[in-house]
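**Student:** Quick one: the structure is below, and I'll ask about it shortly.
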Amino acid sequence: MNAIAPTATMASAAAPMRSAPEPELGVGTGVSCTATALGDADWLAVSGAVEGVAGGVALVLVVLDSAVRTLVLPRGSVVALSRAIWLITRRVFDLIAGRCKTYEARDRVMALYAPMALLLLPVVWLAMILGGFTMVFHALGVSSWQTAFVESGSSLFTLGFVRPRDVPTSALAFLDAALGLGVVALFVAYLPSIYSAFSRREVLVAMLSARAGTPPSAIEFLIRTSRIDELQRLNEVWERFQQWFAEIEETHTSQAALVFFRSPRNDRSWVTAAGVVMDAAALSNSTRNPSPMVRIKRPPCSAILGSIKSFV
C-alpha cells in the first residue's frame, strides 16, 4: 500500500494540468462591440473630413468662377453668385427709393446702387473663401472650429499671427493667402478700367446736351443743328456716335456693372442720349434726302440697344 501511494501521487503530478478554457471572442465580453464602435467612429471621422474638404473646395471654386468671369473674362457671362448679389442689393435700394417723393431724391439714392453692389462683390468673395478654408482646416485636424476660423483668417488676410502645425496646413495657408491677395488685386485693377469707360461714355452724353437740350430731344437736336447751319455735316455726327455705340457695346458687355452707373447729373442718361441720337437719325432720314451714311448707322444702334435692354 505504501509503495502504491507514491506511484499514484507521481502519476497525478505528471499528468498535464488543464487550464480553464479561454472565453471566445465576443462571447461573454465586450471586445467585439468595442471594436465595432471604434470602427464606426473612425469611419464617421473620415467621412466627415472628406465632406468638409469637399464643401470647402466647392465654396472656393464658386468664388474663383465668379471672380474670373466678372473681372477677367472679356465677354458677357451670367454668373449666378454675382447676379444674386446685384439682385439682393437692388431690392434693398428699391425699398429705400420707393419712400422718396421726388425723382431727384430717388436718383440720388439709386446713384449709389451700382457702386455699393460693386463693392459688395469682393466682400462676399473673401467671406466665402474664409468659410471654405475654415472647413478645410477643420477637416485636416485643426482642433476646433474657432481655431480653424482664426487660422484661415490669419492666412487669408496675410496677418500671420497663427502658425500652421504641419506641412498640409502650411500649404493650405499659402494657398489661402494667394487667393485672398489675388482677388483683391483683380478688383483693384478692375476699378480704374470701369471708371475710365464710364468717363468716356459720359463725355458724349454731355456734348449731346449742348446740341439737344437738357433733357435731350431729337427734335431740339435737329432744330439747333439747323440754326447753326450744320445739317449738311450730320454725317460727321453719326460717325462719331457710331463709334460711341460700338464702344458702349464692348465696355457694357465685358463690364456689365457699367449699365447701372448713372450720369453725374439727374437730367442726363446714356440710355436717353442713345435714344435721342437714333430718333434724330430716323427723323433726318425720313424728312431730308436720305444719305447712305444714315442708312448704315441705324441698324447697328438699334441692335446694340436691343441687346442692352434684354440684358437689363
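**Student:** Could you tell me the calculated FRET efficiency between Val259 and Glu51, based on Cβ-Cβ distance and R0 = 35 angstrom, to the nearest 0.05?
**Tutor:** Numbers: r = 40 Å, r/R0 = 1.14.
Approximately 0.30, to the nearest 0.05.
**Student:** At what distance in nm do the modelled label points of Ser170 and Ile228 sit from each other, each positioned 7 Å from its Cα along Cα→Cβ?
**Tutor:** 7.0 nm
**Student:** A further question on this structure: Assuming a ≥ b ≥ c are the square roots of the Cα gyration tensor eigenvalues, decide whether the stretch 90-165 counts as rounded (a/c under 1.5), prolate (otherwise, with a/b larger than b/c) or oblate. Don't jump to the answer; show the numbers that get you there.
**Tutor:** On the way: a/c = 5.10, a/b = 3.57, b/c = 1.43.
Since a/c reaches 1.5 and a/b is larger than b/c, the shape of the stretch 90-165 is classed as prolate.
**Student:** Another one. Can you tally the net charge around Arg163? Count Lys and Arg as +1, Asp and Glu as -1, for every other residue whose Cβ sits under 15 Å from the Cβ of Arg163.
**Tutor:** On the way: positive: Arg165; negative: Glu151, Asp166, Asp176.
After counting each charged neighbour, the total is -2.
**Student:** Mind checking the full-extension length gain between Met207 and Leu73? Use 0.36 nm per residue of separation minus the Cα-Cα distance, one decimal, nm.
**Tutor:** Values: separation 134, 0.36 × 134 = 48.24 nm, distance 3.15 nm.
So the chain would gain 45.1 nm between Met207 and Leu73.
**Student:** Here is a follow-up. Just the number, please: Stokes-Einstein D of the stretch 54-190 in µm²/s, Kirkwood Rh from C-alpha pairs, 4 °C, 1.567 mPa s. Walk me through the intermediate numbers first.
**Tutor:** Working: Rh = 16.6 Å.
Reported coefficient: 78 µm²/s.
**Student:** What is the spin-label model distance, in nm, from Asp65 to Leu112 if the labels are put 7 Å beyond Cα along the C-beta direction?
**Tutor:** Computed distance between label sites Asp65 and Leu112 equals 3.3 nm.
**Student:** How much length is gained on full extension from Leu120 to Ser199, taking 0.36 nm per residue of separation minus their Cα-Cα distance?
**Tutor:** Details: separation 79, 0.36 × 79 = 28.44 nm, distance 2.22 nm.
Result: 26.2 nm gained on full extension.
Bear in mind these aren't lab numbers, they're just calculated from the coordinates by the rules spelled out. This is a predicted model, so every value here is computed, not measured. FYI the Cβ positions are ideal-geometry reconstructions off the backbone, even for glycines, and counts take in every protein chain you see.
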